[in-house]
Amino acid sequence: MGKRVVITKQRIKDREYRVTALFEDHQMLEVSCDDVTEDSLLGNIYIGKIRRIVEKIGAAFVEIAPGMMTYLPLEDAKEPLMVKQLRNGRLTEEDEIVVQVVKEAVKTKEPTVSSSISLTGQGLVFTLENKLLGISKKLNKKEREALKELFAGKKEDWYGLIVRTNAANVPRERLLKEFETLYARFSAIARQYKSRTCYSCLYRAPYGYIANVRDRLGIPLEKIITDDAEVYGELRREFLACASLNEEQIVLYEDNVISLSALYGLKGKLEGALRERVWLKSGGYLVIEPTEALTVIDVNSGKNIKGKRQGLYLSVNLEAAEEIAKQLRLRNISGICVVDFINMDSGKEREELVSAIKAHLAKDPVPADFVDFTELGLVEITRKKIKKPLWEQVGRPKGMGAL
């Protein structure tokens, strides 16, 4: 069985969530839980009012709805679309500005917004940040030249256009149709924003599961399976016209004997992804502790007591490095992560461990990087923040427990 996306509802404690999970064979690689009673702000575009500017931290606080405050780094406020500007040439409190939510609220931090608005499709991105035509460098030279020729005569000077790596998997006629769709949406925002009132939502991003599927179309997907007829209809409308999917790949699950959740063991896999302790095949284990500022991971040899001490420690650490990369992706752990591997005296073994960490992190579609060893021998890893970590998506404290 290849890679599959499973979309279904799952009750966790007293709330119902729409779960979108990426599976390879029977292993869950990624999972996202969206409360069905709450709409995500991620990707939405608003007319907001600047309530406060704090020069010391290089940020402004922008209200996008009554009582809904967001954080705008001033470095992300270059050439903003201004609806109301009190002082020419600089941002001022009470100015009204067009912003897009680029990061969800995490822990006690407000959602992050940017004035560099963009619309993302499967193969293309329209943006105001850079007015050039950009082609993904991950594409080979022949593909880059062909795509550049395809869009060079269509792009206009007032916006930027990025051709994503995924574009290589999209038939040209569908890519051109996506261009027309995104161009119409982007043009409408550019035409209308000055005549709209403060707190207006100029663009509402697709449902979370739509974005989750779209961002995974760059990998070969065998199927997208859901047991929700409404979701099934939305998937067909969104992806059959403009994406590299056919009707057989979007499946409505209708078996009344066993639920889709039970078929893929979602409840147990979600419980495992929320547990503090993760066992390794060797008998070692990880302890994963989220804190307010960072995530701490401790590596223990546990029941693995075979072999010589140094060879054993390296073996456990290498196994742990692979599992840590998987857990970062599965739990959507982001920001700063500090790992306490088992101490090794050999510089050669440390170098081997670093190479393994980098190789496993490189497989993550979200940018994740090995930083360095601290003076105390701890490993620092960073991973880009976009969505909430899994444990926060379902509103569960770090103590975990049964679902």
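Can you say whether Leu139 is within 20 Å of Asp215 (Cα to Cα), hydrophobic (A, V, I, L, M, F, W, C) and not in a strand (DSSP E or B), as far as the supplied structure shows?
yes
When residues of region 72-119 are filtered for being out of contact with any Pro (no Cβ under 7 Å at 6 or more places or on another chain), assigned to a strand (DSSP E or B) and not polar (S, T, N, Q), how many remain? So the count comes out to 12.
For Glu323, are the conditions met, namely being of a type in the set (Asp, Glu) and either open to solvent by 40 Å² or more (accessible area, probe 1.4 Å) or modelled with pLDDT of 90 or more (or both)? Yes. Restricting attention to region 85-117, the residues that are loosely packed, with under 15 Cβ neighbours inside 10 Å and over 24 Å from Trp391 (Cβ atoms) total 8. Scanning region 213-259 for residues that are charged (D, E, K, R), under 24 Å from Asn169 (Cα atoms) and in contact with a strand residue (DSSP E or B) (Cβ under 7 Å, 6 or more places away or on another chain) gives Arg216, Glu222, Lys223, Arg236. In region 365-374 there is at least one residue matching the filter, namely being at pLDDT 90 or above, more than 24 Å from Arg277 (Cβ to Cβ) and acidic (Asp, Glu). Scanning region 156-191 for residues that are farther than 17 Å from Leu240 by Cβ, open to solvent by 20 Å² or more (accessible area, probe 1.4 Å) and among the polar types (S, T, N, Q) returns a single hit, Thr165. For region 196-218, the set of residues classified as out of contact with any helix residue (DSSP H, G or I) (no Cβ under 9 Å at 6 or more places or on another chain) and not hydroxyl-bearing (Ser, Thr, Tyr) consists of Arg196, Cys198, Cys201, Arg204, Gly208, Ala211, Asn212, Arg216, listed by residue number.
Selection of region 326-385 for residues being assigned to a loop (DSSP other than H, G, I, E, B), over 28 Å from Leu217 (Cα atoms) and of a type in the set (Val, Ile, Thr) yields Ile342, Thr374. Among the residues in region 25-36, are any within 20 Å of Asn332 (Cβ to Cβ), free of Cβ contacts under 8 Å to residues at least 40 places away in the same chain, assigned to a loop (DSSP other than H, G, I, E, B) and not hydroxyl-bearing (Ser, Thr, Tyr)? Taking every residue of region 25-36 in turn, at least one turns out to be within 20 Å of Asn332 (Cβ to Cβ), free of Cβ contacts under 8 Å to residues at least 40 places away in the same chain, assigned to a loop (DSSP other than H, G, I, E, B) and not hydroxyl-bearing (Ser, Thr, Tyr). Here the strands (runs of 3 or more DSSP E) wholly within region 218-280 that include at least 3 residues being touching a Leu at 6+ places or on another chain (Cβ under 9 Å), more than 28 Å from Val299 (Cβ to Cβ) and open to solvent by less than 70 Å² (accessible area, probe 1.4 Å) are 221-226. The sole residue among Ile12, Ile7 that is under 23 Å from Lys326 (Cβ atoms), surrounded by 19 or more Cβ atoms within 10 Å (Cβ to Cβ) and at pLDDT below 90 is Ile12.
Restricting the search to region 142-157, which residues are under 28 Å from the mean Cα position of the chain (by Cα) and outside any helix (DSSP H, G or I)? Across region 142-157, the qualifying residue is only Lys155. Within region 165-185, can one find any residue that is without any contact (Cβ under 8 Å) to a residue 60 or more places away in the chain and not in a helix (DSSP H, G or I)? Looking through region 165-185, none of the residues is without any contact (Cβ under 8 Å) to a residue 60 or more places away in the chain and not in a helix (DSSP H, G or I).
Among the numbered conditions (1) open to solvent by 10 Å² or more (accessible area, probe 1.4 Å); (2) in contact (Cβ under 8 Å) with a residue 40 or more places away in the chain; (3) in a loop (DSSP other than H, G, I, E, B), the only one that Arg51 does not meet is (3).
Residues checked against (1) touching a Phe, Trp or Tyr at 6+ places or on another chain (Cβ under 7 Å); (2) at pLDDT 95 or above; (3) open to solvent by 20 Å² or more (accessible area, probe 1.4 Å); (4) not β-branched (Val, Ile, Thr):
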{"site": "Gln122", "(1), (2), (3), (4)": "no, no, no, yes"}
{"site": "Ile135", "(1), (2), (3), (4)": "no, no, yes, no"}
{"site": "Glu149", "(1), (2), (3), (4)": "no, no, yes, yes"}
{"site": "Lys154", "(1), (2), (3), (4)": "yes, no, yes, yes"}
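In this structure, Val287 does not qualify as at pLDDT 95 or above, crowded, with 19+ Cβ neighbours inside 10 Å and under 25 Å from Ile336 (Cβ atoms).
Arg196 meets all of the listed conditions (1) more than 14 Å from Gly134 (Cβ to Cβ); (2) surrounded by 17 or more Cβ atoms within 10 Å (Cβ to Cβ) but one, namely (2).
The values are calculated or read from the model by the stated rules, or taken from the named source; none is laboratory data. Just so you know, these numbers come straight off a predicted model, no measurement behind them. Neighbour counts are summed over all protein chains in view; Cβ atoms, including those assigned to glycine, are modelled from backbone coordinates with ideal geometry. These area figures cover heavy atoms from the full protein model, side chains too; ligands, DNA and RNA do not enter into them. Shrake-Rupley method; radii C 1.70, N 1.55, O 1.52, S 1.80 Å.
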